[in-house]
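One structure is given here, and the rest of the page talks about it.
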Amino acid sequence: MKKLGLLAITIIATIVFFVSLTSALQYFKLNENIVFGIPEILIFYFWGGYFLRKHGWSKALGVILFLIAFALNFVFIGSPYNTVSEFKATRVFLLPSLLASIFLILQQGKFLRLLGVLVIILTILGAFWAAIFLKAGLGN
């Protein structure tokens with residue numbers, strides 16, 4: 001019964017975190033991508049990290065959640081933008097990706113460490129990709 005209660009409290013805390021962070025980001029009138037993207041990505045990273053610490057199918061679920069978070073992060077990092085201010089505002093998506101990859105590098109297991117290094121490389125390439133698209137779009 002204790003495990004079920006702890007899981008319920010963690011899920012409720014996750015929902016409260018999502019709603020409060022979204023409200024705080026909306027209060028500052030930030031870009032819509034940031035308002036809904038950052039809390040969503042952070043929740044996927046949190047649950048992925050939680051399940052990576054377990055064994056068996058839970059560890060596989062953690063890897064899947066991390067991959068979903070990385071995919072969402074790369075969509076926001078590498079997307080082409082129309083204005084420079086929009087480009088600058090979304091550079092905040094680099095931080096969760098880099099921190100999560102450092103977390104993976106510190107884990108035991110060659111696969112997780114390799115995935116962490118790969119994510120660092122892809123994050124940097126995605127940032128350059130978005131900058132190239134921005135420069136090409138503003139040049140026209």
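None of the figures in this text is laboratory data; all of them are computed from the coordinates on show. This one's a predicted model, so the numbers in the text were calculated from it and none came from an experiment. So basically every Cβ, Gly included, is an ideal-geometry build from the backbone, and we count neighbours across all protein chains shown.
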Karplus ³J(HN,Hα) for segment 109-121 (6.51 cos²θ - 1.76 cosθ + 1.60, θ = phi - 60°; Hz, whole; x = Gly/Pro) runs x, 5, 4, 5, 5, 5, 5, x, 5, 4, 5, 4, 4
For Ile124, Ile41, Ile12, Ile34, ascending order of other Cβ atoms within 10 Å (fewest first) is Ile12, Ile124, Ile34, Ile41
Going fewest to most other Cβ atoms within 10 Å around each Cβ, Leu115, Leu30 line up as Leu30, Leu115
Taking a straight Cα-to-Cα line shorter than 27 Å from Lys3, and setting aside same-chain lysines fewer than 8 residues away, one finds Lys54, Lys59
Options (i) 287; (ii) 130; (iii) 94 for volume of the Cα convex hull per residue in Å³; the value derived from the coordinates is listed as (iii)
Phi angles of segment 27-38, converted by Karplus (6.51 cos²θ - 1.76 cosθ + 1.60, θ = phi - 60°) into ³J(HN,Hα) in whole Hz with x for Gly and Pro, give 4, 7, 6, 7, 4, 4, 4, 6, 4, 9, x, 4
Karplus-derived 3J(HN,Hα) from phi for segment 78-85 (6.51 cos²θ - 1.76 cosθ + 1.60, θ = phi - 60°), whole Hz, x at Gly and Pro, runs x, 6, x, 10, 8, 10, 5, 5
Between Asn82 and Thr22, the FRET efficiency computed from the C-beta separation at R0 = 22 Å comes out, to the nearest 0.05, as 0.40
Taking r as the C-beta separation of Arg113 and Ile68 and R0 as 30 Å, the FRET efficiency to the nearest 0.05 is 0.95
In debye to the nearest 20, the charge dipole size for segment 2-139, taken about the Cα centre with +1 at each Lys and Arg Cβ and -1 at each Asp and Glu Cβ, equals 500 debye
The relative contact order of segment 2-139, taking Cα pairs under 8 Å that sit 6 or more residues apart, comes to a percentage of 20 percent
Residues whose modelled amide H sits under 5 Å from the amide H of Tyr81, counting only those 5 or more places away in sequence or on another chain, are Leu134
Full extension between Thr10 and Arg91 adds, at 0.36 nm per residue less the Cα distance, a length in nm of 26.2 nm
